[in-house]
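Worksheet: the structure to be examined is printed underneath.
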Amino acid sequence: MKSSGLPNVSWFRGRLATAWAVVVYLFLYAPLAMILLQSFNSARYGTKWHGFTTQWYRNLPANESVWEACVNSLWLAGSSTLVATALGTALAYGLSRHWFPGSDTVLRLLPLTVFIPDILLGVALLLVVGLLQQVHAVLGPGMTAMLIGHVTFQLPLVALVVRARMATLDPALEEAAMDLGATRWQTFRHVTLPLLQPGIGAAALLAFTLSLDDFIVSFCTTGPGATTLPIWIYASAKRGLSPEVHALSSVLVMAAVALTVALRLVQKKPWFST
Amino acid sequence: MPPEGRLATPSVSAAPIGKFVECATNEDVQSLSVDGILAEGGAETEPEPCALPAVECWNLARRFGDVTALDGVSLTVYRGEFFSLLGPSGCGKTTLLRLLAGLDAPNSGYIRLLGVDMTGVPPQQRPVNTVFQSYALFPHLTVYENVAFGLRMKRLPEPMVERKVREALALTRIHGLEQRKPAELSGGQQQRVALARALVNEPAVLLLDEPLGALDVHLRKQLQTELRQMQRRLGLTFIHVTHDQEEAFTLSDRIAVMRAGRIEQVGTPRQLYEQPRTRFVAQFLGHCNLIDGTAVGWSADRLLVQTALGLMEVAWTGSASPTLPVAADRRPPPTRGQQLTLAVRPERIRMRPDQGAGLGVNTFRAVVEEALYLGASIEYRLRSAGQLLTVLEGRNGHETVPYATGEQVLCAFSPTALTLLDD
Amino acid sequence: MTEQVPPNRHAVCARINPPGSPPRGRDAWERLCGWLLCGPGILWLILFCGLPLLALLATSFCQRGPDGEIGLPLTGENYRRLAGFGELGFDAFYPAVLMRSAGLALGTTSLCAVIAIPVALWLSRLAPAYKPAALMLVVIPFWTNLLVRTYGWQLILAPDSWLSRFLQALGWLAPEEGLYPGWSAVFLGMVCDFLPFMILPVYAAAERLDSRLMEAAVDLGANRWQAFRHAVWPQIKPGVTAGALLVFLPAMGQFVVPDLLGGARLMFLGNLLQQQFGPSRDWPFGAAIASVALLLVLLALWLRRGLSGPQPIARA
């Protein structure tokens, strides 16, 4: 610290700050490391190290409830992301390029919906779904309700991310396209959409991950046979620690790492540089 | 207005026109109705304005909330003209260009392009193309794809697209950059691509929004020359927006000087410079001395004006003097006793040492307050009868000793050097 | 010939759309396009977010029937109960839950801020070569499943874990006792969960930090604390308030962490809600709790608006 000329200026570059950052990183990764470590522990009960094994991973594919939860999770994440990305992109584009009565209000309320805690959205949907169930069983809790819940928390986020990207677009580009004879649709298809693509990709990936990770909204709106991975893990954790959960969790962590890297590549490597 | 039929008649055989235009007229006349018009315009070898108007604006107004960007602009631009809209930033020149392109709609007034009313016609269907200020090249497309964009949107067959794009690229001297992305080009190259992208569509009118504003001085000069040559060769109508007086003078056949949403004066560069009609035009285009006075009478075809500097004779262009660049002044002649402002350019005032001789016509005594050496000329600040005047003395050959500060001099100018301002 | 456009419409459009947006001459067509594009999304949010929340508010004034059904007449009983005035006189249980949740959220927010600010500053001044990797390392836990992380803490803090045994050996913990379940476990889990939400906005603000200001402060003789207080803090403050909001609001409603790490003795807002909507089947009372929570959220958002003006939310 003393050696670096102006200690006052560089104090948060110093050794103390680096040490603090390392501690914080260790803290962030401690639970993930622990899970990963325990997933190779051959002990059936407890966290004491009994030796290395990959048995829990090998057990996973045989576990039908895990498979079912996995399929449910992926189906839910995939379909909700599709719906939310389509609706959210249209919403963002419409709000940025068209004026209509009420668009001001929508613009003001949209960020607010992001801040509504999941659990409030969850119980509100549970309430409605519970009431609708008395009308007809199809309207009750289950995959449909979960899908609706997921799209509801993904949609405003997608719209905000795409709108942020939209704001960086030079409006002269769209004008140039129309000036060159492109119709509105052609302008959207050949200019706006390709330029928005990195934003839409990032938003979709974000929506997908949020859906995969979501526990609370799913938990509130789940019904018979509609178990997702987080719900399965929660149930297992409530029952007591089991090594298969460690293995499954490790797989999820790896998937999250892969998604994060993918997201970075999508954002970092656009087709052009501006 | 000539009938539609005549407008659309292609005159292919006429005169030496560019290869670029020739191709367009021979084979794809059917693709766009403007092709024929373009060819006819292209037949004009002289840049002199044709009698046929390309653009007519009538009483255009555009308001953004409380801000009035355009306030009753009427304007006619003839075919084959290089026309500039000149004015300080915020004067409404870009707004006018956007109205012409159809990118914005006027609150009132109308626009006719080639005699056709453009009210409600979207930009896609107007026979104009724009070179945008920041070029607005599509960053995700290559140079080739950028230039081909307009043609592909019209679903032209690909071989034709390719031929036209090649011609446009050759015309704008872009070689070997077809597969580059705009971000990989220099400013000058981007400018050429933007030009090629607009020209390839063979617009009846090309709109240029400060096309050279972002370039350095050297490149700007070079591109100015190219732009001018290209316009003459193709015989196209160019409407060009700029705040750079020199650029407007270099390029244009005619210029409209704009201020605060209004057109102050329209004319050739020479008319604007030598016969400014308003204080704003006089002072926006170079320096100008303004002298206030009162009309006292007439002497033959000259107006007599009493000023602080003495009695001045002003050539009244109502009598269409052959020495003047403009046609007859159609303004009503001033009446006796009317308050007037006269304008005279610094370089039109001649100085000579005061040897006590009597004062002739348009001659007065002045004292040198300051002398600034500018290299090619010397700028003097003179004071006469309480009025400050600027005089530019060119150093054209004869060895003159510069006047010293405090020296008394005789100043004179010809009656034709004086212009009567409207305000 | 003349097309008359109402001027105030253009004023509105000029405000929404930057000058230089496509022409908006044909207003009806414009509006139709807007509705067609935005309609589905808006309708979705109204149907599945707005209406359910209103239903929640309405239900909170209903009564629980004998079989857990929602019934009339309308009553303010649920709110009275939540305030502690139940049928059996004053009982601090429910107010305590609310206070505990608020305390947890506040504590988590302040802990996160204290921990995150140095890290964010360190990140912002990191050499460009390491910065992307270091940032990605912050983002990865944020992407991993919350349950998995909480579960990891369960393993670390369990009575027979290395950490617990180490602390037992030091005599800081009674033998056979773990850190989990309990307050400390909840705080550890919460801070670990929400730390990225604080680091990222503060980092975004620190990135724009004008280092010349700090140099000027040092040049004028400020010591470290003064330089931070007067040169750094005002610049990163918007980031901290944004981060505080991103931590505080979800922390209020957090369910997983208190549920898995807090044990049965510690009841928080999330658990209480889950209990009312789940085993107890007292939906009107649950709705009252949710409505109060929603009110608190709106209050926090409104306070934030007052504090630092309307700002776009930090981009995750």
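The number of Lys pairs in the protein assembly as shown with C-alpha atoms less than 28 Å apart, excluding pairs fewer than 8 positions apart on the same chain, is 17. Normalised by the number of residues in the stretch B:276-423, the average gap of Cα pairs under 8 Å and 6 or more apart makes the relative contact order 29 percent. For B:R62, the amide hydrogen comes within under 5 Å of the amide hydrogens of B:A69, B:L70, B:D71, B:G72, B:N107, counting only partners 5 or more places away or on other chains and with H modelled in the peptide plane.
In chain A, the calculated helix contribution to ellipticity at 222 nm averages -23500 deg cm²/dmol per residue, counting -39,500 (n - 2.57) for every DSSP H run with n ≥ 4. Could you work out the mean projected area of the convex hull around the alpha carbons of the stretch A:148-274, in square nanometres to one decimal? Result: a mean projected hull area of 10.0 nm². Across q = 0.13, 0.18 Å⁻¹, the stretch C:92-308 modelled as identical point scatterers on its alpha-carbon atoms has Debye log10 I(q)/I(0) values of -0.87, -1.25, in the order of the q list. In whole percents, the pair-distance distribution calculated for the stretch B:357-399 from its alpha-carbon pairs, binned every 10 Å from zero, is 26, 43, 30, 2. Mean projected area of the Cα convex hull of the stretch B:108-262, taken over all directions, amounts to 10.3 nm². Rg and Dmax of the stretch B:128-185, based on Cα coordinates, read 11.3, 31 Å. For the protein assembly as shown, the Stokes-Einstein estimate of translational diffusion at 20 °C and a viscosity of 1.002 mPa s comes to 62 µm²/s, using the Kirkwood hydrodynamic radius over alpha-carbon pairs. For the stretch A:63-268, a Kirkwood hydrodynamic radius built from all Cα pairs, placed in the Stokes-Einstein relation at 37 °C and 0.692 mPa s, yields a translational diffusion coefficient of 175 µm²/s. The tail of the calculated P(r) for the stretch B:276-423, taken as Cα-Cα distances beyond 26 Å, holds 26 percent of the pairs.
Assuming a viscosity of 1.306 mPa s and a temperature of 10 °C, what translational diffusion coefficient in µm² per second does Stokes-Einstein assign to the stretch A:1-155, Rh being the Kirkwood radius over Cα pairs?
So the translational diffusion coefficient is about 74 µm²/s.
Counting other Cβ atoms within 10 Å, keep those with at most 10, restrict to DSSP loop, and tell me which GluC sites (Glu not before Pro) in the stretch B:109-199 are left. Sparse-neighbourhood loop GluC sites (Glu not before Pro): none present.
Each label was represented as a point 7 Å from its Cα along the Cα-to-Cβ direction; for A:K238 and A:W75 these points are 2.2 nm apart.
Read the figures in this text as sums done on the coordinates, not as results from a lab. Remember, predicted model here, so these are calculated numbers, not experimental data. Using ideal geometry, Cβ is built from the backbone for each residue, glycine included, and neighbour counts are taken over all protein chains shown.
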